[in-house]
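K.L.:
One structure coming up, written as structure tokens, with questions to follow.
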Amino acid sequence: MSDYQHEVEELERESATAARLFDVRRIIGGLFTVYGVIVTIAGLMATDADLKKAQNININLWTGLGMLALGLFFLIWQQLRPAVPPAAGEMADEGDGGAGEGA
């Protein structure tokens, strides 16, 4: 293989790593999971006065559990269906196709 081919393969590996690292599902899932844990703990520590304010519904507990479930859903989804960056040929086709269509 030529040096050019090795360089292209290295760039494709870096692109795939960046696509997985900056997948929006990971960011959303991580934030919802962290906040869900915090709000769930706040719900577990609720006093009787806190419950009276919310008509005896532990809203922090239920909201925290919901946030935790949503966050875990996003993280599991990201693991089951990882982001795949477009192939180099697909990116070149998109760039060439848009230039002549407007004329």
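The values are calculated or read from the model by the stated rules, or taken from the named source; none is laboratory data. These numbers were taken from a predicted model, which means no experiment stands behind them. Every residue, glycine among them, receives a Cβ derived from its backbone with ideal geometry; neighbour counts consider all protein chains shown. Protein only, heavy atoms only, side chains kept; ligands, DNA and RNA dropped before computing areas. Shrake-Rupley method; radii C 1.70, N 1.55, O 1.52, S 1.80 Å.
K.L.:
Just give me the residues in the stretch 69-86 being within 22 Å of LEU11 (Cβ to Cβ) and either surrounded by 11 or more Cβ atoms within 10 Å (Cβ to Cβ) or at pLDDT 90 or above (or both), in sequence order.
P.N.:
As a first pass, look at the stretch 69-86 and keep what is within 22 Å of LEU11 (Cβ to Cβ): 82-86.
Matches in the stretch 69-86: PRO82, ALA83, PRO85, PRO86.
K.L.:
Out of (1) surrounded by 12 or more Cβ atoms within 10 Å (Cβ to Cβ); (2) β-branched (Val, Ile, Thr); (3) in a loop (DSSP other than H, G, I, E, B), what's the single condition that is false for ILE57?
P.N.:
(1)
K.L.:
Still on this structure, I have one more. Quick one: count up the residues across the stretch 14-49 that are farther than 18 Å from ILE76 by Cβ, at pLDDT 70 or above and either open to solvent by 70 Å² or more (accessible area, probe 1.4 Å) or not in a helix (DSSP H, G or I) (or both).
P.N.:
8
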